[in-house]
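The values are calculated or read from the model by the stated rules, or taken from the named source; none is laboratory data. Because the structure is predicted, anything quoted here is derived from the model rather than measured. Cβ placement follows ideal geometry from the backbone for every residue including glycine, while neighbour counts extend to all protein chains displayed.
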Amino acid sequence: MIQTIQDLLEPASKIEVLDVGAAVFADDPPPYKPLLDAGVAHFNGFDGDARQVPLIRASYGADANVFNEFLFDGTLQTIYVTSPESGMTSLLKPDIAALKFFGGFESIGRVLKTETVQTTRLDDVSGLPDIDMLKIDAQGSELTVMRNGVEKLRNCLAIQLEVSYFPLYENQPCFGEIDVWMRAQGFSVHCFMGIKRWPISPTVFKGNDPGHQLLESDLVYVRNPLKLHTLSDEQLKKLILITHYSYWSYDLSVHFLLELVKRGVLATSSHEEYIRLIRVGQSA
């Protein structure tokens, strides 16, 4: 009797998860946590801010790969250090005019000090496996990190990244530039995992009303679901697990599952079995 989605798929290996900007915040569990809890994923994380590393190691255990390096383009760069709680420490210089435009950000993004740091290209990191799922929140450096990691990400199946509609840092790529690059790499937009709006200074709304001004969002990309011939059976199994556990995208999971049925990898009844697991709440 099939009890879990893992029993149904029987993947040959664990999903290699990479979190760039892996600082741990108790009120914001990462999308890959259900994959780790289900025992189908392995954690790899980067955070150049040494203040964040001990908690990352404690949260993910001895088996995790945790790197205290600044991912960028391999050159010397200036790091703009803000308070650890702000999450705004960045290799890009804060745009003072943009911070002043939004209420409270001039204080939140206040630079405490600057340092010169050696950055590392993702492709040059030894001991890091090829990545299946990427979550990246690098405070404006997302596109640079990915451009310098195309080999490590060559077989990546899903990417969740923070995109900006109103950049808070100087020379920060905005959503349009990132989207063009992602599509050129064979990814398609799947869903939003949060949209952040922010009031424009000096207006203050009642309660927690953020106003209408778009600031940024977490956007999920997956390999183009219309080009499944480019994916192996094992990649499809991993995509099913990712879309199921991390994004509750059961319809997309079924789309990938039916391709495995078509290929003869799974039994013709697998679709119905998957739906049954969801209905009885035993897919975890």
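Structure notes:
- Some residue of the stretch 181-190 being surrounded by fewer than 21 Cβ atoms within 10 Å (Cβ to Cβ), small (Gly, Ala, Ser) and not in a strand (DSSP E or B): yes
- All of Ala41, Ala50 fail the test of being modelled with pLDDT of 90 or more and either within 19 Å of Ile15 (Cβ to Cβ) or not charged (D, E, K, R) (or both), apart from Ala41.
- Out of Tyr32, Tyr60, sole residue that is among the hydroxyl-bearing types (Ser, Thr, Tyr) and more than 25 Å from Ser270 (Cβ to Cβ): Tyr60
Let's see how each residue does on (1) farther than 20 Å from Val20 by Cα; (2) surrounded by 15 or more Cβ atoms within 10 Å (Cβ to Cβ):
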site	(1), (2)
Asp179	no, yes
Ile240	yes, yes
His244	yes, yes
Trp248	yes, no
His255	yes, yes
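- Residues (free of Cβ contacts under 8 Å to residues at least 60 places away in the same chain and more than 30 Å from Phe166 (Cβ to Cβ)) located in the stretch 232-254: Ser232, Asp233, Leu236, Tyr250, Asp251, Ser253, Val254
- From the options Asp95, Asp63, residue that is closer than 17 Å to Lys196 by Cβ and charged (D, E, K, R): Asp95
- Arg154 vs. criteria free of Cβ contacts under 8 Å to residues at least 60 places away in the same chain, farther than 20 Å from Ile15 by Cβ, out of contact with any helix residue (DSSP H, G or I) (no Cβ under 6 Å at 6 or more places or on another chain) and among the basic types (Lys, Arg): no
- Exclusive hit being surrounded by fewer than 16 Cβ atoms within 10 Å (Cβ to Cβ), of a type in the set (A, V, I, L, M), touching a Ser or Thr at 6+ places or on another chain (Cβ under 9 Å) and farther than 18 Å from Met133 by Cβ, set Leu226, Leu215: Leu226
- Selection count, the stretch 71-108, where residues are out of contact with any strand residue (DSSP E or B) (no Cβ under 7 Å at 6 or more places or on another chain) and of a type in the set (Lys, Arg): 1
- Per-region count, the stretch 214-267, residues assigned to a helix (DSSP H, G or I), charged (D, E, K, R) and either closer than 23 Å to Asp179 by Cα or more than 20 Å from the chain's Cα centre (by Cα) (or both): 5
- Of the strands (runs of 3 or more DSSP E) lying entirely inside the stretch 37-122, those carrying at least 1 residues that are surrounded by fewer than 17 Cβ atoms within 10 Å (Cβ to Cβ) and of a type in the set (Lys, Arg) are 113-120.
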